[in-house]
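As structure tokens, the structure follows; a few thoughts come after it.
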Amino acid sequence: MLWLKAFHIFFVTSWFAGLFYLPRLFVNLAMVPADSHAERERLLLMAGKLYRFMTPLGVLAVVLGLWLWFGGFGFAGGWLHLKTALVVLLIIYHGYCGRLLQVFTRGGNDKSHVWFRFFNELPVLVLLAVIFLAVLKPF
Ligand code: HEM
């Protein structure tokens, strides 16, 4: 079980590297002047590669988490239900990042860099809540 949990935390951490950095790339993309095609293409290339890289990491983080839960290790409690609900929010956030990437690729973004700065903070709040739930198991 400890190996499973160690890999769970490894993939969670790797997934979050993408969840933190991809919206940061969106902040930069939203600030690129209209005539800076080379910079826009470079940022889009980085964002595309990052999204393809972070997606399987997220899948593995969730699959190992579900394995920990349903694998007969005796984990139960309200903390796990609320944690899973927050993870569903993360999965929606991840998917929405993919949608935003498509909009940027088509040149159709109408959101400001300020909007993306706030958007960028959401995973931080979820990570804080999930870690407290997973470690403290308050209910
Ligand atoms: C549906 C998805 C997930 C499920 C079902 C799940 C389930 C679990 C379970 C059963 C444990 C073992 C708890 C223990 O050993 O005390 C665990 C550990 C942990 N999980 Fe998840 N997890 C999921 C996703 C995540 C995500 C997305 C994060 C980070 C945001 C996360 C962070 C952690 C941490 C930090 C631990 C270690 C807790 C400790 O050692 O006390 N998990 N998870």
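The values are calculated or read from the model by the stated rules, or taken from the named source; none is laboratory data. Model, not experiment: these values are computed from the prediction. Quick reminder, even Gly has a Cβ in these numbers, built from the backbone with ideal geometry, and neighbours come from all protein chains shown. For the accessible areas, the whole protein counts, side chains as well, though only heavy atoms, and no ligand, DNA or RNA atoms are used. Shrake-Rupley method; radii C 1.70, N 1.55, O 1.52, S 1.80 Å.
Some notes on this structure:
- When the charge dipole of the chain is built from unit charges on Cβ atoms (+1 for Lys and Arg, -1 for Asp and Glu) and taken about the Cα centre, the candidate among Leu19, Tyr93, Leu2 whose Cα reaches farthest toward its positive end is Leu2.
- Bridging of Lys5 to lysines at a Cα separation below 22 Å is possible for Lys83, Lys137, once same-chain residues fewer than 8 apart are set aside.
- List His94, His37, ordered by accessible area with a 1.4 Å probe, largest first: His37, His94
- Solvent-accessible surface (1.4 Å probe) assigned to Asp35 amounts to roughly 120 Å².
- The chain, Rg to Rh (Cα coordinates; Rh as Kirkwood inverse mean 1/r): 1.05
- For the stretch 1-59, the relative contact order comes to 51 percent (Cα pairs under 8 Å, sequence separation of at least 6).
- With Cα atoms, 0 to 90° folded angle of helix 37-70 axis to the chain main axis: 10 degrees
- Placing one equal scatterer on every Cα of the stretch 1-75 and applying the Debye formula, the log10 ratio I(q)/I(0) at q = 0.12, 0.23 Å⁻¹ is -0.45, -0.94.
- The chain: relative contact order as a whole-number percent, Cα under 8 Å and 6+ apart: 40 percent
- Based on protein heavy atoms only, the stretch 8-107 ends up with 55 Å² per residue of surface accessible to a 1.4 Å probe.
- Sorted largest first by accessible area at a 1.4 angstrom probe radius, with every protein chain in place, the residues Phe70, Phe10 fall in the order Phe70, Phe10.
- Measuring only protein heavy atoms, the 1.4 Å probe finds Glu41 accessible over about 100 Å².
- Value of [θ]222 nm, deg cm²/dmol, for the chain, DSSP H segments ≥ 4, -39500 (n - 2.57) each, nearest 500: -30000 deg cm²/dmol
- Once the Cα atoms are used to define both axes, helix 2-31 deviates from the longest principal axis of the chain by about 20 degrees.
- Nearest-0.05 FRET efficiency for Trp3 and Ala76, computed from C-beta distance (R0 25 Å): 0.75
- Charge dipole magnitude, Cβ of K and R +1, D and E -1 - the chain, Cα centre, debye nearest 20: 180 debye
- Heavy-atom accessible surface of the chain: percent carbon and sulfur, 1.4 Å: 73 percent
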